[in-house]
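Only one structure is covered here, and it is reproduced in the block below.
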Amino acid sequence: MARGPRKHLKRLHTPKHWMLSKMDGIWAPRPSQGPHKLRECLPLMLILRNRLKYALTGKETKMICMQKAIKVDGKVRTDPNFPAGFMDVVEIPKSRDQFRLIFDTKGRYVLHRVSDEEKKFKLCRVKKQEMSKKKIPVIVTHDGRTIRYPDPSVKVNDTIKVDIETGKAVGHLPFTVGSTCMITKGRNTGRVGHIGHIEHHPGAFDIVNVHDANGEKFSTRLENVFVIGNAESTEVSLPKGQGLKLSILDERDAINKKLRRA
């Protein structure tokens, strides 16, 4: 039997959205314990080495992190295996880079560049709402934040807008029919649409029907739906494609069109 926590991760067992080649070695960086789950995060090492190409090896990424050059949600992170996740703001002041981690329509994390105004806040989904032992109302968000004395109108499954500098909630997006949402799990990960009918199944999973801007309809579990705006607009900017999934034929046509232009 194994004794203690696991400290290694083999490359073949890493999440598909990390996009690691299986021939580049045996091991992969195992994310540290943190605000996001192992299979739902992207370690800082992969951001610096595999995505931004600022380093060639793991040792170089560690040197960059130990220089306190990387900030996640406004806090310096020196652990190269720190797990950054959905809606996190990753900032590199020396190179003037600032990104928000967000999904594309294929379920992969995209380092989406954001403006100076947009990097000041993030959206957090409310996972739990409770009263503490001392009768203080508390909400817990998808990234592990505990916020005391929230707005009484905030409910589970709603989204709150959090000021990164103060850590306080400065806005509220209710989970209602018509709200703009992004899917964060399942085969529709990264798709953006409007919430339609919500089916309640006591003892099973509640199902949400969503329709996108192209008129396509799809459904997913309620816990996979992350509200990102009201019926008219979104609170955060979206990556290329605006969360609209193309069919394989539309993808082929887009690629051919690009090649003809070149």
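The values are calculated or read from the model by the stated rules, or taken from the named source; none is laboratory data. Please read these numbers as outputs of a predicted model, since none were measured by experiment. Cβ sites come from the backbone with ideal geometry, for glycine too, and all protein chains shown count toward neighbours. Just so you know, the surface numbers come from the protein's heavy atoms only, side chains and all, with ligands and any DNA or RNA stripped out. Shrake-Rupley method; radii C 1.70, N 1.55, O 1.52, S 1.80 Å.
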Based on the inverse mean of 1/r over its pairs of different Cα atoms, what is the Kirkwood hydrodynamic radius of the chain, in Å? 20.0
Extended-chain gain in nm, criterion 0.36 nm per residue less alpha-carbon gap, residue 22 and residue 262: 83.2 nm
Highest mean first, what order results for 118-131, 247-260, 37-50 on Cβ atoms within 10 Å? 37-50, 118-131, 247-260
Give the distance, in whole Å, between the Cα centre of the stretch 195-259 and the Cα centre of the stretch 126-164. 26
Bin width 10 Å, alpha-carbon pairs only: give the P(r) of the stretch 1-105 as whole percents, running from 0 to the bin holding the largest distance. 14, 49, 31, 5, 0
Using Cα pairs closer than 8 Å and at least 6 residues apart in sequence, work out the relative contact order for the stretch 21-127, in percent. 21
Check which residues have an amide H placed less than 5 Å from residue 30's amide H, if you skip close sequence neighbours. 9
The stretch 146-262 - Rg (one decimal) and Dmax (whole number), Cα, Å: 17.0, 57
Rounded to whole Hz, the Karplus (6.51, -1.76, 1.60) HN-Hα couplings of the stretch 205-218, x for glycine and proline: 8, 6, 10, 10, 8, 10, 10, 9, 5, 8, x, 6, 10, 8
Taking H placed 1.01 Å from N in the peptide plane, check which residues at least 5 places from residue 206 or on another chain put their amide H under 5 Å from its amide H. 201, 222
Whole number in Å², please: accessible area per residue of the stretch 4-134, 1.4 Å probe, ligands, DNA and RNA not counted. 59
Charge-dipole axis of the stretch 32-91 as Lys and Arg at +1 and Asp and Glu at -1 on Cβ define it, positive-most pick from 78, 63, 35: 63
Rounded to whole Å², per residue accessible area for the stretch 147-236 with a 1.4 Å probe reads 53
Check residue 172: other-chain or 5+ apart residues with amide H under 5 Å from its amide H, H built from backbone geometry? 161
As a quick test, which of the pairs 16/59; 155/240; 37/122 have an alpha carbon distance above 27 angstrom in this structure? 155/240
Let me cross-check residue 111: its accessible surface, 1.4 Å probe, with only protein heavy atoms counted, in Å² to the nearest 10? 40
Provide the three semi-axes, in whole Å and in decreasing order, of the ellipsoid equivalent to the stretch 55-170 as defined by the square roots of 5 times the Cα gyration tensor eigenvalues. 30, 16, 14
Rounded to the nearest percent, how much of the accessible area of the stretch 30-75 (1.4 Å probe, protein heavy atoms only) is carbon and sulfur? 53
Rounding to the nearest 20 debye, state how big the charge dipole of the stretch 6-66 is about its Cα centre with +1 on each Lys and Arg Cβ and -1 on each Asp and Glu Cβ. 200
Round to a whole number: what % of the accessible area of the stretch 184-260 belongs to carbon and sulfur, probe 1.4 Å? 53
With only helices counted (DSSP H, runs n ≥ 4, each -39500 (n - 2.57)), the per-residue ellipticity at 222 nm for the chain, to the nearest 500, works out to -2500 deg cm²/dmol
How large is the dipole of the chain about the Cα centre if only Lys and Arg carry +1 and Asp and Glu carry -1, each at its Cβ, rounded to the nearest 20 debye? 1320
Between residue 209 and residue 255, what length in nm is gained on full extension when 0.36 nm per residue of separation is reduced by their alpha carbon distance? 13.5 nm
